[in-house]
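**Q** Attaching a single structure in C-alpha cells format; questions to follow.
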Amino acid sequence: MSSPPGLFTIFGLYMSSFPALSALGAASALLLFASTPSVAAARADGPSFNCQRATSDSEKAICANPELASLDRRIAARYTALRGQLEARAFRSLREDQEWFVASREETAIEDLADTLRSRLSFLNAIRLPPASGVVGNWRNAAGMITVTQEPSGGVTFEANAAAPVTGRWVCGASGDVIAAGQGRWNAVISDPVDDTITFERWGSLLVVVEPQTSREYCGLNGGLAGFYFPAAPEAQ
C-alpha cells in the first residue's frame, strides 16, 4: 500500500513547529534511543544516554536530576520493548513519534520537564498490542487521541482531539460518525464543529488518518489530525 496523500507531509509540518529538533542535531537526538549495554553502563542510576555527551538544556537537566533520569530510563526501556513487538512499518512510525517527542521535550520549560516525561511514559505504557481488528478502540500518538465507539444502536461514532505538544500552538477537535468504505478503510464524517470528512485506514497495528486538502476548519492554524495512531488503553477517568 502506498503512503496516504499528505500523511508524512503533515508529519513534516508538525515537526517544523519544533525548531529545537534541528538544533539538537542527529547525534543528540539519537541519544534518547541509546539502549546498548555500553551506554547504559556508563551510569546505572543515570538516564538512558551518556551524560558526557549531553548538549541541550533538557539533557543537562535530566542528567542533574535523579527523578528525571529515572523517568528517561523508563521511557527508553518501554520504547525498546515496543520496538520488539511492533512490525517494521509500525515501529518506523513510533520512531518518528519519538523524534517528535524529543523535539517537544526541548520546547519544555525545565520546571515542567517532569510532567512532559511522565506524559510520554504514560503514552508508551498505554500502547496495547496486538490490537483488535477493525477501527473500534482508542488510538493515540504524541499529539492526541481518537476514540472510536460501537454504539448500542449499531452505529459507530468517533471523537478526535489533538494539540501541538507542549506549546499548544494549534488545537484540533472533531466528532461524528464512522462509515465503512471498503476493506480496512472507513469514512469519518465530521458533524461537529463543522461538516467535513476524513478517512481512517488500518495499517497493521496502526490507525492512519488521512485528511483531504481542505482548510481543516476543525483545527487551529497549521494543525491537523492526519498521521499514525497507536492502539491504546482507555484513558483513566
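The values are calculated or read from the model by the stated rules, or taken from the named source; none is laboratory data. Since we're looking at a predicted model, the values are computed, not measured. Just so you know, the surface numbers come from the protein's heavy atoms only, side chains and all, with ligands and any DNA or RNA stripped out. Shrake-Rupley method; radii C 1.70, N 1.55, O 1.52, S 1.80 Å.
**Q** How much of the accessible area of segment 110-237, in percent, comes from carbon and sulfur atoms when a 1.4 Å probe is used?
**A** C and S atoms contribute 49 percent here.
**Q** Under the Karplus relation 6.51 cos²θ - 1.76 cosθ + 1.60, θ = phi - 60°, what is the ordered set of whole-Hz ³J(HN,Hα) values for segment 110-127, x standing for Gly and Pro?
**A** Calculated HN-Hα couplings, in order: 4, 5, 9, 5, 4, 5, 5, 5, 4, 4, 5, 4, 4, 4, 5, 5, 7, 5 Hz.
**Q** Here's another thing I want to ask about it. Got the relative contact order for segment 172-237 handy, in percent, Cα pairs under 8 Å and 6 or more residues apart?
**A** Worked out over segment 172-237, it gives 25 percent.
**Q** Could you run the Karplus curve 6.51 cos²θ - 1.76 cosθ + 1.60 with θ = phi - 60° over segment 145-155 and give me ³J(HN,Hα) per residue in whole Hz, x for Gly and Pro?
**A** With coefficients 6.51, -1.76 and 1.60, one gets 9, 10, 10, 10, 10, 7, 7, x, 6, x, x Hz.
**Q** Something else about it: Heavy atoms only, probe 1.4 Å: what % of the accessible area of segment 52-102 goes to carbon and sulfur, would you let me know? Provide the component values of the computation, followed by the final result.
**A** Details: 1080 of 2420 Å².
The nonpolar share, carbon plus sulfur, comes to 45 percent.
**Q** Right, next: Report D for segment 136-237 in µm² per second (integer): Stokes-Einstein, Kirkwood Rh on Cα pairs, 25 °C, 0.890 mPa s.
**A** Answer from the Stokes-Einstein relation: 179 µm²/s.
**Q** Which far-off residues, 5 or more places away or on another chain, put their amide H under 5 Å from the one on Arg169, with H placed in the peptide plane?
**A** Excluding prolines and chain starts, which carry no amide H, the hits are Ala164.
**Q** Right, another one. For segment 196-237, what is the accessible area per residue in Å², given a 1.4 Å probe and the full set of protein chains? Don't skip to the answer; put the middle values down first.
**A** Working: 1690 Å² over 42 residues.
Averaged over the residues of segment 196-237, the accessible area is 40 Å².
**Q** Can you give me the accessible area per residue for segment 97-136, using a 1.4 Å probe, in Å²?
**A** 41
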